[in-house]
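Data first, discussion second: the structure below is written as structure tokens.
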Amino acid sequence: MEPIYEYAWAIPVLPLLGATAVGLGLISFNQATNRLRQANAVFIMSTLGAAMVMSLALLWSQIGGHDAFVRSIEWAAAGDFKLTMGYTIDRLSSLMMVIVTTVALLVMLYTDGYMAHDPGYVRFYAYLSLFSSSMLGLVVSPNLVQIYIFWELVGMCSYLLIGFWFDRKPAADACQKAFVTNRVGDFGLLLGMLALYWCTGSFEFDVMGDRLHDLVASGALSAGLATLFCVLVFLGPVAKSAQFPLHVWLPDAMEGPTPISALIHAATMVAAGVFLVARMLPVFEGLPMVMDVIAWTGAFTAFLGATIAITQNDIKKSLAYSTISQLGYMVMALGVGAYSAGLFHLMTHAYFKAMLFLGSGSVIHGMEAVVGHEPVLAQDMRLMGGLRKYMPVTSATFLIGTLAICGIPPFAGFWSKDEILGLAFQANPALWLVGWLTAGITAFYMFRMYFSTFEGEFRGNDETIRQKLLAEAMVPVTVEVPAFGPGAMDPKELDHGDHHHAHEPHESPWTMVVPLMVLAVPSMAIGLLGMPWNNSFEHFLEPETVAHHGEQAFEWAEFLIMAGNSVGIALIGITLASLTYLRDKIDPAAIAEKLGPIYRFSLKKWYFDELYDTVFVRGSRRLARQVMEVDFRIVDGAVNLTGFVTLVSGEGLKYFENGRAQFYALIVFGAVLGLVVLSGIS
């Protein structure tokens, strides 16, 4: 056994040690630790870098054909119940570790520039390291219980990171919304995993799957009950990966710092749900109803996210709905049994979406010098335009990410998305149709974003637009927006070093630009691993399946038809976006007015927030008020009445306790006389 496998437990432990050391420093020696800002950042990045090197070594070993390795210990035992903990290194976990560590390391480098002047700089790095450790622990977990433990740790870290700027009400509200929404899914996951243990007696994925299918086949367990248990487990990924109807937390989570958007909402936390579905496929795949629920949930979520993103003006929230849509593609792929296709899209999406989010952060950083740190202004695409001239590197990398997500060959997104659409067509043409239409919408809104941000004339100095946006957001226009605030903004970046805004945006510092350029490489090239005539990714991830089915002749005609359809619909979307937002041949305002109800339906995000506020938030308050009335009138009334009766009876009875024997004899005589009279009457 290679030593690297024996010490693989160190991969999640190393960033945990980094977070622990810095966290203890912040608790015990706060001022001194905060003064050593970059020293702490280098230390944390070094621990994660060591974990990344080990992850790459394990991936290389797995590519070389090394067998899966499992190390476990008995953690708890009571009678027949035994619970083990440990770690597993197989092809999927080694791939996920490399994705998590590489993206996290680049995000940490980017953070040094983006959060350079934030007073919580060191605390932010500690949170990032703790989150990375939790996610790495999740992907190496060998059973469902251990996954659940790290699942909750990932949720806790996301709560800390989304609400990092907790003194801002929108950020505080967003982290609470994420927390509550994920509690709904996690409660379903907990119920489902306990139910599966009740009927199978195991938390191991393969054992659960085999025993569950045997129980259903023998009639010992009904298919409907087994389906219910699996759907409850699926509720966890629905919340964590922002699938309908628990998707509402992800766009609000953009209130956190932009590096968090890139790390949590592109490559790690939201990918945890897809990862769990992939791990649970041995359990799910024997139940067709469960697979249909997964596939259609993913397809509907993909369409839902795309139709909302098409009208959003906040650059980060538009990318957030894009993430929801792309996660829907992954879940749909797993629902039709396309294991390697779904995970291939997870990998390609992690790199190009992380780059897009970091690119949006670079744009916001450049805009803050002109409009200040008010998110209403710095993140609204209506106040951007022409940034390619001022931010050439950010513009070029953002364009690469846009082409990748739109599925334009030879960029990474083309190969993974086309594979999903092809396999969806084989499973159910209706699923393919939804995915195909979503691909066209995706191309439109992504190039709408690119053209509105980087092409045309710069609109950041247009006071009319600025006042309009402040009025829409109900921000007092008479109050001067702060020139800088949390994040990278520094007064030295402003003209003359005073509090007046600059007149032009600027390119971001090298610590922000270098991660963009590094991420551009896999965004362009990593998709080549999944070329259908030589699918190295599938051969790596599913060698047994490929060997079982044998090498099949590649059908060029089928590939060209399917790929032509997906590229064709994307080109239509790009053309429409170009005519509307680049060449001004189509007036979007006129179309919005003509399609008023549909436009507002998309702009208001299908009214999910309003619906949930009415049904759950206000409904819960009404229910709470009614429960309070019952508590006050009935429960408290009964308690108060009992006390009152006790008080009155005590006050009355105290006069019978006078210590005179004659009085007690009289009472006894009266009682006996009363009993005699009653017996005589009866």
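The values are calculated or read from the model by the stated rules, or taken from the named source; none is laboratory data. Everything quoted here is computed from the prediction, not taken from an experiment. Positions of Cβ are generated from backbone atoms using ideal geometry, with glycine treated the same way; all protein chains shown enter the neighbour counts. For accessibility, only protein heavy atoms count, side chains too; no ligands or nucleic acids. Shrake-Rupley method; radii C 1.70, N 1.55, O 1.52, S 1.80 Å.
What number, in percent, do you get for the relative contact order of region 54-121 if the mean sequence gap of Cα pairs under 8 Å and at least 6 apart is divided by its residue count? Display every interim value, and only then the final one.
On the way: 52 pairs, mean separation 20.5, N = 68.
After rounding, I find 30 percent.
On a C-alpha basis, how far is the centre of region 560-574 from the centre of region 154-212 in Å? Whole number, if you could?
37 Å
Say the cut-off is 28 Å between C-alpha atoms; which of Lys240/Lys353; Lys240/Lys594; Lys177/Lys389; Lys169/Lys468; Lys169/Lys389 go over it?
On the way: Lys240/Lys353 17 Å; Lys240/Lys594 37 Å; Lys177/Lys389 38 Å; Lys169/Lys468 22 Å; Lys169/Lys389 35 Å.
In this structure, Lys240/Lys594; Lys177/Lys389; Lys169/Lys389 lie more than 28 Å apart at Cα.
Keeping every protein chain present and rolling a 1.4 Å probe, give me the accessible area per residue for the chain in Å². It would help to have the intermediate numbers written out before the result.
Details: 29660 Å² over 682 residues.
The answer is 43 Å² per residue.
Evaluated at 10 °C with a viscosity of 1.306 mPa s, what Stokes-Einstein diffusion coefficient in µm²/s does region 369-420 have when Rh comes from the Kirkwood expression over alpha-carbon pairs? Show your work: numbers first, answer last.
On the way: Rh = 12.9 Å.
Estimated diffusion coefficient is 123 µm²/s.
Quick one: putting +1 on the C-beta of Lys and Arg, -1 on the C-beta of Asp and Glu, what dipole do you get for the chain around its Cα centre, in Debye to the nearest 20?
Working: 38 positive and 55 negative charges, 256 e Å.
Dipole of the chain, to the nearest 20 debye: 1240 debye.
Using only alpha carbon positions, build the gyration tensor of the chain, then give the equivalent ellipsoid semi-axes as the square roots of 5 times its eigenvalues, largest first, whole angstrom.
Numbers: eigenvalues 517, 253, 155 Å².
The equivalent ellipsoid of the chain has semi-axes of 51, 36, 28 Å.
How would you order 520-532, 91-103 from highest to lowest mean count of nearby Cβ atoms within 10 Å?
Working: 520-532: 19.5, 91-103: 23.9.
Ranked by mean Cβ neighbours within 10 Å, highest first: 91-103, 520-532.
Among 200-209, 408-417, how do they line up by average Cβ neighbours within 10 Å per residue, starting with the highest? If you can, show how the numbers build up before the last one.
Numbers: 200-209: 18.2, 408-417: 23.6.
Result, highest mean Cβ count within 10 Å first: 408-417, 200-209.
Binning every alpha carbon pair distance of region 573-682 at 5 Å from zero, what are the percents per bin?
2, 8, 7, 7, 7, 6, 6, 5, 5, 4, 4, 4, 4, 4, 3, 3, 3, 3, 3, 3, 4, 2, 0
Let me see the pair-distance distribution of region 212-332: every alpha carbon pair, 10 Å bin width, integer percents in order.
Over region 212-332, the share of Cα pairs per 10 Å bin runs 14, 42, 26, 13, 5, 1 percent.
Write down the Kirkwood hydrodynamic radius of region 1-131, to one decimal in angstroms, obtained as one divided by the mean of 1/r over all alpha carbon pairs.
Details: mean 1/r = 0.0615 Å⁻¹.
Its Kirkwood hydrodynamic radius stands at 16.3 Å.
Given Cα pairs under 8 Å that are at least 6 residues apart, what percent is the relative contact order of region 231-325?
35 percent
In whole percent, what relative contact order does the chain give with Cα contacts below 8 Å and a gap of six or more residues? Please list the in-between numbers first.
Details: 1047 pairs, mean separation 85.6, N = 682.
Answer for the chain is 13 percent.
What 222 nm value per residue comes from the helices of the chain, counting each DSSP H run with n ≥ 4 as -39,500 (n - 2.57) and dividing by all residues, nearest 500 deg cm²/dmol?
Values: 31 runs with 480 residues, N = 682.
So the helix-based figure for the chain works out to -23000 deg cm²/dmol.
Could you tell me how many cubic angstrom of Cα convex hull volume region 55-157 has per residue? Each step should come with its number before you reach the end.
Working: hull volume 11.1 nm³, N = 103.
It comes to 107 Å³ per residue, whole-number rounded.
Rounded to the nearest percent, how much of the accessible area of the chain (1.4 Å probe, protein heavy atoms only) is carbon and sulfur? Provide the component values of the computation, followed by the final result.
Details: 19820 of 29660 Å².
Looking at the chain in its full context, I get 67 percent from C and S.
Which peptide among 663-676, 218-231 comes first, and what is the full order, when sorted by highest mean count of other Cβ atoms within 10 Å? Don't skip to the answer; put the middle values down first.
Details: 663-676: 10.4, 218-231: 15.7.
Packing proxy ranking, top to bottom: 218-231, 663-676.
Across bins of 10 angstrom width beginning at 0, how are the C-alpha pair distances of region 112-182 distributed, in whole percent?
Result, from short to long distances: 20, 42, 29, 8, 0 percent.
Around Lys169, with a cut-off of 15 angstrom between Cβ atoms, what is the net charge of the other residues, counting Lys and Arg +1 and Asp and Glu -1?
Values: positive: Arg168, Lys177; negative: Asp167, Asp173, Asp252, Glu255, Glu374.
Spelling it out: positives minus negatives among the neighbours equals -3.
Regarding region 297-351, what's the average projected area of the Cα-atom convex hull, expressed in nm²?
Averaging across all directions leaves 3.5 nm² for the Cα convex hull.
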